[in-house]
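Following: one structure in C-alpha cells, then a few remarks.
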Amino acid sequence: MTENVIQTQQSLEQCSVDADSGPCSGSCSCGAMNRSDEPQITSGLKAVLPGTLVFGLALTVQSLDIGTWMVTLGLFALSYVLVGRDIVLKALRNILRGRPFDEFFLMTLATFGAFAVGAFSEAVAVMLFFKVGELFQDGAVARSKKSITSLIELRPDFARVQTQSGLTEADPAEVDVGQMIEVRPGERVPLDGTVISGG
C-alpha cells in the first residue's frame, strides 16, 4: 500500500464556525458544540410537569363544578404561568429588541386572547402543546450536536506536511491552503483536500 499525497483546500481556521450559526462540515473546529443542552431541557421538563399537574387539577375542578369561578380561573392561570412563563418572557425580550413577530409573540397573543374570551383550558392546552414541542426540538438539536461533536473528535491531532526539508508533523490548524500533506495507510485524513497521488 502507498501513501496518499493530498493538496489541502481548506484550513481549520477558515472553517471554524459558531455552534449557533450553522452546522460544521469537513474538519471544522467546533469547540462551541461541546456545550451541553441537557440543563436547558431538564429545566423545561421541571416547568412542564408541575404545570401539567395543576392543569389537570383545574380541568377536574371545572368539569365537576366543585369550585368557584375565581378558583377555576386561578388554577388555570397558575398552570399557564408554570408552563408558559419563559415563552412570554422570550416574546417580551424580542419585542424590546425590535423583533416582535415570531412564534413566541404569536403564541402569547393567541393564549392571552383565549383567556380574554374565557377559554381558559384552551389557552393553557395550546401553550402546553407548544412547550412540549419545544422540548422535543431541543432534544433533537442536543442529539445532533452530540453526533457532530463525536465525529469531529475523530479528527487527527496532527498533519504530516511535505516541506523542502522533508515531512513535518504540524497542527492541522497551522497548515496553509495549497500545502501537500501525506496520509499513510490506516490513518484518518486531517484536512479537506484533493488526492494528488496514491489511492
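Quick notes on this structure:
- Residue 110 free of Cβ contacts under 8 Å to residues at least 12 places away in the same chain, small (Gly, Ala, Ser) and under 30 Å from residue 80 (Cβ atoms): no
- Taking (1) closer than 21 Å to residue 52 by Cα; (2) of a type outside the set (S, T, N, Q); (3) open to solvent by 30 Å² or more (accessible area, probe 1.4 Å); (4) under 29 Å from the mean Cα position of the chain (by Cα) in turn, residue 66 satisfies each apart from (4).
The values are calculated or read from the model by the stated rules, or taken from the named source; none is laboratory data. Computed from a prediction, not measured in an experiment: that's the story for all the values here. Cβ sites come from the backbone with ideal geometry, for glycine too, and all protein chains shown count toward neighbours. With ligands, DNA and RNA removed, areas are computed over all heavy atoms of the protein, side chains included. Shrake-Rupley method; radii C 1.70, N 1.55, O 1.52, S 1.80 Å.
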